[in-house]
């Protein structure tokens, strides 16, 4: 089975050059599906243009990142630093709810080919064509196709934000929303007015009611 995961540039490059061999995540429903022998396709943020393929060779599970790091590393200061850095991405409440996992991997390919077949950012074809030995094929959408693909893209980006909960993913979602606004001729003042009108009638989401 092949799983898909996204990585920021630094951890992606360290996996690619062999200096990072364990990927740490929450042990949530998605990660519970990962088994020894499976493969993981890592995509480099922000454009998800470059991909590498790795195989899972071991899995380490624990209740907290600190406990897990203590099992893997001997330097106590390094353990504290690494554990603290994980809370940039995950909350302690999430850690308590799901537990954590270290996925040990072996790099299979750092020149993995991929077909997008979806709407991509404007400079992606140019960037792919700059890579030695790489050439991309694309076509220009008509207006009806363009709006349809943007509608699909907003769902894709919303799902990615739910998964990562990062400001970068939120920015991607906002970029698609901005593009749809431009196509439909909406300006930000009109959208804000609609938001204010509805907030006055029904309120916002500040009181956390469910």
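Here are some notes:
- Here region 20-36 is the region considered, the condition is being surrounded by 12 or more Cβ atoms within 10 Å (Cβ to Cβ) and in a loop (DSSP other than H, G, I, E, B), and the residue that is modelled with the lowest pLDDT is 20.
- For region 14-35, a residue qualifies if it is out of contact with any helix residue (DSSP H, G or I) (no Cβ under 7 Å at 6 or more places or on another chain) and without any contact (Cβ under 8 Å) to a residue 24 or more places away in the chain, and the qualifying residues are 14, 17, 19, 29, 32.
- From 106, 61, residue being in contact with a strand residue (DSSP E or B) (Cβ under 8 Å, 6 or more places away or on another chain), exposed (fewer than 15 other Cβ atoms within 10 Å of the Cβ) and within 20 Å of residue 13 (Cβ to Cβ): 106
- Among residues that are assigned to a helix (DSSP H, G or I), touching a helix residue (DSSP H, G or I) at 6+ places or on another chain (Cβ under 8 Å) and not assigned by TED's automatic domain parsing to the domain that holds residue 88, residue 168 is not included.
- Number of residues in region 149-179 that are over 16 Å from residue 118 (Cβ atoms) and surrounded by 11 or more Cβ atoms within 10 Å (Cβ to Cβ) equals 12.
- Helices (runs of 4 or more DSSP H) fully within region 65-155 that include at least 2 residues being over 20 Å from residue 21 (Cβ atoms): 76-86, 92-98, 124-130.
- Residue match in region 183-201 (condition: farther than 29 Å from residue 8 by Cα, under 27 Å from the mean Cα position of the chain (by Cα) and surrounded by 10 or more Cβ atoms within 10 Å (Cβ to Cβ)): yes
- The one condition in (1) closer than 24 Å to residue 132 by Cβ; (2) out of contact with any helix residue (DSSP H, G or I) (no Cβ under 8 Å at 6 or more places or on another chain) that residue 104 fails to fulfil: (1)
The values are calculated or read from the model by the stated rules, or taken from the named source; none is laboratory data. Just so it is clear, the structure is predicted and the values come from calculations on it, not from any experiment. Heads up, the Cβs are rebuilt from the backbone with ideal geometry, glycines too, and the neighbour counts pull from every protein chain shown.
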